[in-house]
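Taken together, the values in this text are just the output of simple stated rules run on the coordinates, not laboratory data. This structure is a prediction, so every number in the text was calculated from the model and none was measured. Please note: Cβ atoms are built from the backbone with ideal geometry, for glycine as well, and neighbour counts cover all protein chains shown.
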Amino acid sequence: MRDQPMLVLDDGSDRPVLPWRFVVGVLLHCIIPAWLITLVCAIVLTGPASLTTAGMADVALSASLKFLAVYGLLVLVAALLARLVDPALRRRRARRFARDPAAAAIRSARCLKRATATIARVSTGAASSRLGDTVAAIGRASWRHEYPRYQALSADLDQAAQVFATACASATPDRQPQIVALAETAFDHILQNLHALSADRSRLDEGDARTIAGYIDLRYGDPDPADLAGRLPH
């Protein structure tokens, strides 16, 4: 399983806004102010002929039609240009993310957040208190996302959460309890492995602490009295 490509379904929280959507959104938000400015400019440039009600209506209609045509073309061209630069922006973002030393830890934390939210929805829909307790324990546990073993576990957790959520959603009422039972067992195993990882990490951290304590004691501890006497000036 570890050699297969990992299935990671995104909830959208770590996706950037698509450039063309951003550009179109900005232009659509600006359409009313731009239209009003166009009307004012058209009335001012037309002069006295636009001061009557009929003249103002004619100017407004003519200016509005021209404005819509030009502005619509502007939105279309801007959206197309944004779509063209989108692949380059994505590649640049991917390279920047890959160079980030914290990228793997960030991805692992996102997997954990997405997975726990998905499992919580499954446990609520299936009315499984055991599954709910397990996901709560997984979320409360101490995750050291900077370490590869935690990253692998969070990726497996995320994959399992998405698969079980899909299976529960598509299962018939008589099959759903069996899917939920499988999920309960699977996530119990993940929780047990998480506890084992935490215990291993704790032992390693304690070993590091003992090592640095020994180093500091050797270098900065109380010197031997004979050695100290030899260093004092006579």
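Listed values, structure above:
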quantity	calculated
Label-point separation, LEU81 to LEU39 (7 Å along Cα→Cβ), nm	2.8
Rounded if a/c under 1.5, otherwise prolate or oblate - the stretch 55-209, Cα gyration tensor axes	oblate
Net dipole in debye of the stretch 19-99 [+1 Lys, Arg Cβ; -1 Asp, Glu Cβ; about Cα centre; nearest 20]	1100
Relative contact order for the stretch 103-199, counting Cα pairs under 8 Å that sit 6 or more residues apart, in percent	38
Normalised contact order of the stretch 19-99, rounded percent, pairs of Cα under 8 Å and 6 or more residues apart	45
Potential extension, ARG203-LEU218 segment - 0.36 nm per residue separation minus Cα distance	3.1 nm
Cβ-Cβ FRET estimate between ALA88 and VAL26, R0 fixed at 22 Å, reported to 0.05	0.65
Residues ALA152 and SER129, FRET efficiency given R0 of 22 Å [Cβ-Cβ distance, rounded to 0.05]	0.15
Estimated inter-spin distance, ALA137 and VAL163, nm [label 7 Å along Cα→Cβ]	2.2
